[in-house]
Amino acid sequence: MAFCLLTIIVVTFGLLSSFGSSFDPNPFQDFCVAATDSNTAVFVNGKICKDPKLATADDFFVTGLNVSGNPLPGLGSFVNLVDINRLAGLNTLGISLIRIDFAPYGLIPPHTHPRGTEIIVVLEGTLYVGFLAPDTSNPLKTKSFTKILNKGDVFVFPQGLIHFQYNIGDTNAIVFGALNSQNAGLIVVGSELFGTNPPLVDDVLSKAFQLDKKMVKQLQGLFS
Ligand SMILES: *[C@@H]1O[C@H](CO)[C@@H](O)[C@H](O)[C@H]1NC(C)=O
């Protein structure tokens, strides 16, 4: 009997833990508009909050995602991000929004968001997108998950994984997306290592990437 009970307990805990744990915090109140003036701040949960009595509809409102940004030269893409720094009402809500415009063959280079999963939908154009993840059958290898997306197609980039988006069409492309963080963070592969300030010791980069030091200097020049 006791053994039976023990078995049930062990199995139950095993099942529960195999579901994993969620770590995105839930808000402690209906909303928490980020306060710019600490004298009017009351609760603390993420950024300090404005007194709810002083919150207005404009704290939850942003315009401008009806127009394209100018794609950056070189990359041919432009990101219009509505996160906590732009929309104070997002504070503690664990969500943000993005519009990306691509010139023909424009690229969002490989990058990660350390605190957010990103889901996108294509409104215009044709994109080659993907993310990289450790190969579960061989953890020393990396697997790529790529897809060609057309208008109306949806793709999700899991939190923290390196991903990219490339416009493979000779027309402009438009993507909208959402991230489950008010401040998902951004680490761009390449500039992350070659564009640091101050620069990393060149031995580190030349050994890591099997490059001669001249090439390391060249890449550091490119990304800094
Ligand atoms: C975009 O939206 C803004 C704000 O609502 C408006 O002022 C502007 O005229 C719009 N632009 C276009 C091109 O629709």
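The values are calculated or read from the model by the stated rules, or taken from the named source; none is laboratory data. As the structure is a computational prediction, the values presented were derived from the model and not from experiment. Cβ sites come from the backbone with ideal geometry, for glycine too, and all protein chains shown count toward neighbours. Side chains are part of the model used for accessible areas, which takes the heavy atoms of the whole protein and leaves out ligands, DNA and RNA. Shrake-Rupley method; radii C 1.70, N 1.55, O 1.52, S 1.80 Å.
Remarks
- Scanning segment 154-177 for residues that are under 27 Å from residue 89 (Cα atoms) and either without any contact (Cβ under 8 Å) to a residue 12 or more places away in the chain or open to solvent by less than 30 Å² (accessible area, probe 1.4 Å) (or both) returns 157, 175, 177.
- Residue 73 meets all of the listed conditions (1) away from the ligand (no atom under 16 Å from the Cβ); (2) open to solvent by 70 Å² or more (accessible area, probe 1.4 Å); (3) part of a strand (DSSP E or B) but one, namely (3).
Matching residues to (1) open to solvent by less than 70 Å² (accessible area, probe 1.4 Å); (2) over 29 Å from residue 171 (Cα atoms):
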{"residue": "48", "(1), (2)": "yes, yes"}
{"residue": "53", "(1), (2)": "no, yes"}
{"residue": "60", "(1), (2)": "no, yes"}
{"residue": "80", "(1), (2)": "yes, no"}
{"residue": "84", "(1), (2)": "yes, yes"}
{"residue": "95", "(1), (2)": "no, yes"}
{"residue": "99", "(1), (2)": "yes, no"}
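- Qualifying residue in segment 124-134 (condition: over 23 Å from residue 182 (Cα atoms), within 16 Å of the ligand (Cβ to nearest atom) and in a strand (DSSP E or B)): yes
- Put simply, of 143, 151, 147 the only residue that is open to solvent by 60 Å² or more (accessible area, probe 1.4 Å) and more than 25 Å from residue 96 (Cβ to Cβ) is 143.
- Picking from residues in segment 50-95 that are more than 24 Å from the chain's Cα centre (by Cα) and hydrophobic (A, V, I, L, M, F, W, C), the one that is nearest to residue 124 (Cα to Cα) is 57.
- Scanning segment 86-106 for residues being closer than 22 Å to residue 165 by Cβ and more than 16 Å from the ligand (Cβ to nearest atom) gives a total of 9.
- Boolean, residue 10 is open to solvent by 70 Å² or more (accessible area, probe 1.4 Å) and modelled with pLDDT under 95: yes
- Qualifying residue in segment 90-103 (condition: closer than 21 Å to residue 190 by Cβ and part of a loop (DSSP other than H, G, I, E, B)): yes
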